[in-house]
Amino acid sequence: MTLAEENGPERGGDDLFAAEYVLGVLPTDERQIASRRIDTETGFARLVDGWEVHLSPLAAGYPEIEPPATVKPAIDRRLFSSTTAAPAGQRAGLWSSLAFWRGLAAAAVAALAIYIAVPYLNPPAVLPQTRLVASLAADGSDVKYLAVYDAAHHEVALSHVSGERASGKDFELWMIEGKNAPVSMGVIPAGSTARIVVSPAAQQKLAQGAVLAVSLEPAGGSPTGQPTGPVVAAGDLKSI
């Protein structure tokens with residue numbers, strides 16, 4: 001069950017549901033439900049639009065990746081390496097030949113099959129999950145955050161969904177691994193979005209799916225190195 005379903009519309013469930021849709025972490029059936037609601041419910045569509053704008057700064061550090069330049073030449077070689085140039089007078093007949101196009105289509109399918117099969121014949125080394133996401137919330141609290149851990153950049157990006165810190169107080173982010181004591185990851189800067197650099201000691205633990213939690217602390221953070229105020233939001237990191 002998603003966080004949106006657990007909280008229900010009366011507690012901002014639609015807002016979180018829209019955020020999870022934009023992040024792409026919903027199961028297939030729930031994503032289909034969200035897509036239908038976007039088409040039929042103006043209010044929900046506006047929530048999705050709002051989250052796309054709200055979360056766009058989190059993607060600023062992730063450049064677009066184009067397919068390798070070697071892909072097209074490799075396919076061209078497989079398609080045309082055995083083809084010899086036809087005399088000028090015969091070119092029109094060749095390009096209008098149904099048999100030629102059927103052969104070309106078969107060659108293309110074969111080339112694609114080879115290209116797809118190569119990674120399975122020579123599997124690359126398994127890489128660790130590089131991006132994890134968590135919806136942080138807690139019963140009895142209106143504080144909600146969305147957190148994205150980017151292992152490649154060694155940082156947690158936070159988007160503030162709802163809930164305000166009390167005057168003279170700060171929110172502090174914690175990592176909880178199993179039954180071990182919480183480890184502070186730092187005070188969360190005020191604002192709609194924030195980034196917190198992850199220490200080398202915490203990087204491997206986060207990559208394995210630790211729990212993130214937010215506590216309400218005195219200004220500047222906990223004076224003891226452990227949470228001293230209430231935990232106002234928490235959630236498991238999951239792969240995108």
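What length, rounded to one decimal in nm, is gained on full extension from residue 131 through to residue 239, with 0.36 nm per residue of separation minus their alpha-carbon distance?
On the way: separation 108, 0.36 × 108 = 38.88 nm, distance 0.64 nm.
Result: 38.2 nm gained on full extension.
Less than 5 angstrom separates the built amide H of residue 151 from those of 131, 132, all sequence-distant by 5 or more or on a different chain. Scoring 14-21, 225-232, 158-165 by mean Cβ neighbours within 10 Å over their residues and listing the highest first yields 14-21, 158-165, 225-232. With 0.36 nm allotted per residue and the present C-alpha distance subtracted, the residue 192-residue 204 stretch has 1.6 nm of extension available. Here's how it looks for residue 161: its modeled amide H is under 5 Å from those of 144, 145, 146, which are all 5 or more places away or on a different chain. Pop the C-beta distance of residue 35 and residue 179 into the FRET formula with R0 = 45 Å and round what comes out to the nearest 0.05. That gives a FRET efficiency of 0.65.
Computed from the coordinates by the stated procedures, all read-outs in this text should not be read as laboratory data. Quick caveat, the model's predicted, so the values are computed rather than measured. Positions of Cβ are backbone-derived with ideal geometry, glycine not excepted, and every protein chain shown enters the neighbour counts.
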